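The values are calculated or read from the model by the stated rules, or taken from the named source; none is laboratory data. Here the structure is a predicted model, which means the values were calculated and not measured. Every residue, glycine among them, receives a Cβ derived from its backbone with ideal geometry; neighbour counts consider all protein chains shown. Side chains included, ligands, DNA and RNA excluded: accessible areas come from the protein's heavy atoms. Shrake-Rupley method; radii C 1.70, N 1.55, O 1.52, S 1.80 Å.
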Amino acid sequence: MAIVDLFPTSLRLLGRPALVVGGGPVAARRAKALLDAGARVTLVAPVLSDAARELTDFLSWEARGYRGTDMDHAWFAVAASGNPAVDARVAADAEAQRVWCVNHSHADDSAAWTPAVATVEDVKVAVNAGGDPLRAVAIRNAIKSSLETGELPLGRFRRDLDKLDHRGSVALVGGGPGAADLITVRGRRLLAEADVVVADRLGPRGLLADLGGHVKVIEVGKTPGHHPVPQTEINAILVREAQKGNRVVRLKGGDPYVLGRGGEEAIACRENGVDVEVVPGVTSAVSVPAAAGIPVTHRGLAKAFTMVSGHEELDNVPAGSDHTVVLLMGVGTLNRSIPTLQAAGRGPDCPVAIIENGFAKNQRVTIGTLGTIVAQAQAGRVRNPAVVVVGDVVRVSPLAPAELATAHYGTRETFSALS
Ligand SMILES: C[S@@+](CC[C@H](N)C(=O)[O-])C[C@H]1O[C@@H](n2cnc3c(N)ncnc32)[C@H](O)[C@@H]1O
């Protein structure tokens, strides 16, 4: 049979009799797939492998060798006895009775082939690859992973088939610090399934360009001191769009529950009877320092850290340069927060780093001390979004100047993440 002679189709075997000849692992796999499709499976084999034995509650097992009459009434057959002569007989009987049969002993003569199948939710993709089963499996795996990560679209277009999500729902998705590949697999997939995306100014905005033309994008991004869409209105948008039956993704920067007002959005949804799911994200509080080679804790330097908004009072933050302080939204309030941290016992020599636009092409790192950083930030016109890190851990950064750095932690040249 020429390989191009295939006719791809999808059989609906629900309730129809299917015959499997053989009791080994291959037969068991095929029987299981047929059962999953709802077929009434008869399995003919004198002995069963463990895998086949696990299925005996769900199919009819004839504990004997194959007989020609087994083919009567079958709509579909699988010859997987492991004995080429038996499989050839099964296939010949199937042919005579016009039953489609997969012959596992003679792929070239087989009337039907079993494709490699990727199943993700209710989507099934079947792959035949020029008669090369391993190639088919490799392609199947790549497709499956792309569907699972949302690189390939899973969203439904026929709403009448959308029984599961008919009520609409909201997913609060933590998008991470902005790089398209720092969102979680789950977040990416929900984004690919969304009908409506309510987007922030921060987060992986590059992914918005991949959305289908049918997806409605509502921009609600805030900048410090400028909230064009108030939080109450954002909550109302989420509820309203979900109540229309849409799958709504609220795409947020970092993690939804870290200074992200995700809690309020989740409560608003629940109070209005809207299903809401929260997908954690990579928070900028930890990841943006890492982009500058700064671990927020480090053996021998810091055992704990405090993450706090620059708008908050810092008097109660534990003192000592061995306790890391991470400030979000801290640029505008630097004049106030830096003297407070210094007065609380850290001293003017405590290292400080400010990382602007973490993970973006225009990422910039300014490193100094509590005594120098305000002037450096002014001179360098440091802007939000930025994360401020205060404490001895800054010394670990390969970008730290020689007078602050601890030699054995690396150098700018060895820090490939920034190259
Ligand atoms: C409203 S908070 C949201 C924090 C977010 N939920 C998180 O977990 O990262 C916004 C602040 O996060 C910080 N931020 C977020 N992404 C950043 C990035 N890529 N680079 C630097 N700072 C960032 C900045 O301090 C910014 O002002």
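Quick one: would you say GLU62 is over 43 Å from the mean Cα position of the chain (by Cα), over 19 Å from ALA111 (Cα atoms) and among the acidic types (Asp, Glu)? Yes. In this entry, GLY187 is excluded by the filter for residues that are in the same structural domain as GLY206 (by TED's automatic domain parsing), at pLDDT 90 or above and in a loop (DSSP other than H, G, I, E, B).
Taken over segment 387-404, the criterion of being under 37 Å from the mean Cα position of the chain (by Cα) and free of Cβ contacts under 8 Å to residues at least 60 places away in the same chain is satisfied by ALA400 alone.
Do we find a residue being open to solvent by less than 20 Å² (accessible area, probe 1.4 Å) and at positive phi anywhere in segment 355-375? So far as segment 355-375 goes, no, none of its residues is open to solvent by less than 20 Å² (accessible area, probe 1.4 Å) and at positive phi.
The rows are residues; the columns are (1) among the charged types (D, E, K, R); (2) at pLDDT 95 or above; (3) under 21 Å from TRP75 (Cβ atoms); (4) open to solvent by 80 Å² or more (accessible area, probe 1.4 Å).
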site	(1), (2), (3), (4)
GLY15	no, yes, yes, no
LEU19	no, yes, yes, no
LEU43	no, yes, yes, no
LEU48	no, yes, no, no
ARG53	yes, yes, no, yes
THR56	no, yes, no, no
ARG64	yes, yes, no, no
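Conditions (1) under 25 Å from ARG201 (Cβ atoms); (2) in contact with a His (Cβ under 6 Å, 6 or more places away or on another chain); (3) assigned to a helix (DSSP H, G or I), marked per residue:
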| site | (1), (2), (3) |
| --- | --- |
| VAL258 | yes, no, no |
| CYS269 | yes, no, yes |
| GLU277 | yes, no, no |
| GLY281 | yes, no, no |
| ALA285 | yes, no, yes |
| PRO295 | no, no, no |
| GLY300 | no, no, no |
| PHE305 | no, no, no |
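One line per residue, one yes/no per condition, for (1) farther than 26 Å from VAL120 by Cα; (2) out of contact with any strand residue (DSSP E or B) (no Cβ under 6 Å at 6 or more places or on another chain):
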site	(1), (2)
VAL198	no, no
LEU202	yes, yes
ALA266	yes, no
PRO289	yes, no
HIS298	yes, yes
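If the condition is being farther than 18 Å from ASN83 by Cβ and of a type in the set (A, V, I, L, M, F, W, C), then segment 19-50 contributes ALA33, LEU34, LEU35, ALA37, ALA39, VAL41.
Selection of segment 235-256 for residues being touching a residue at least 24 places away in the same chain (Cβ under 8 Å), of a type outside the set (A, V, I, L, M) and open to solvent by 30 Å² or more (accessible area, probe 1.4 Å) yields GLN243, LYS244. Scanning segment 327-370 for residues that are away from the ligand (no atom under 16 Å from the Cβ), without any contact (Cβ under 8 Å) to a residue 40 or more places away in the chain and not in a helix (DSSP H, G or I) returns GLY347, PRO348, ASP349, GLY368, THR369, LEU370. Just one of (1) open to solvent by less than 20 Å² (accessible area, probe 1.4 Å); (2) part of a helix (DSSP H, G or I) fails for GLY23. It is (2).
Counting just the residues of segment 301-326 that are away from the ligand (no atom under 15 Å from the Cβ) and of a type in the set (D, E, K, R), which one comes out most open to solvent (accessible area, probe 1.4 Å)? Among residues in segment 301-326 that are away from the ligand (no atom under 15 Å from the Cβ) and of a type in the set (D, E, K, R), the one most open to solvent (accessible area, probe 1.4 Å) is LYS303. Among the residues of segment 193-219, those that are surrounded by 17 or more Cβ atoms within 10 Å (Cβ to Cβ) and more than 16 Å from the ligand (Cβ to nearest atom) comprise GLU193, ALA194, ASP195, VAL196, VAL197, LEU211, VAL215. Here VAL382 meets each of (1) at pLDDT below 95; (2) assigned to a loop (DSSP other than H, G, I, E, B) with one exception, condition (1). Residues that are touching a residue at least 12 places away in the same chain (Cβ under 8 Å), more than 10 Å from the ligand (Cβ to nearest atom) and more than 21 Å from the chain's Cα centre (by Cα) within segment 258-289 comprise GLU264, GLU265, ALA268, CYS269, ASN272, VAL274, listed in sequence order.
Can you name the residue in segment 220-234 that is within 16 Å of the ligand (Cβ to nearest atom) and not in a loop (DSSP other than H, G, I, E, B) and is also surrounded by the fewest Cβ atoms within 10 Å (Cβ to Cβ) among such residues? Restricting to residues being within 16 Å of the ligand (Cβ to nearest atom) and not in a loop (DSSP other than H, G, I, E, B), the top hit is HIS226. Would you confirm whether any residue within segment 147-168 is surrounded by 15 or more Cβ atoms within 10 Å (Cβ to Cβ) and within 23 Å of ARG261 (Cβ to Cβ)? So far as segment 147-168 goes, yes, one or more of its residues are surrounded by 15 or more Cβ atoms within 10 Å (Cβ to Cβ) and within 23 Å of ARG261 (Cβ to Cβ). Identify the residue in segment 290-300 that is modelled with pLDDT of 95 or more and farther than 21 Å from GLY178 by Cα and, among all such residues, is farthest from the ligand (Cβ to nearest atom). That would be HIS298.
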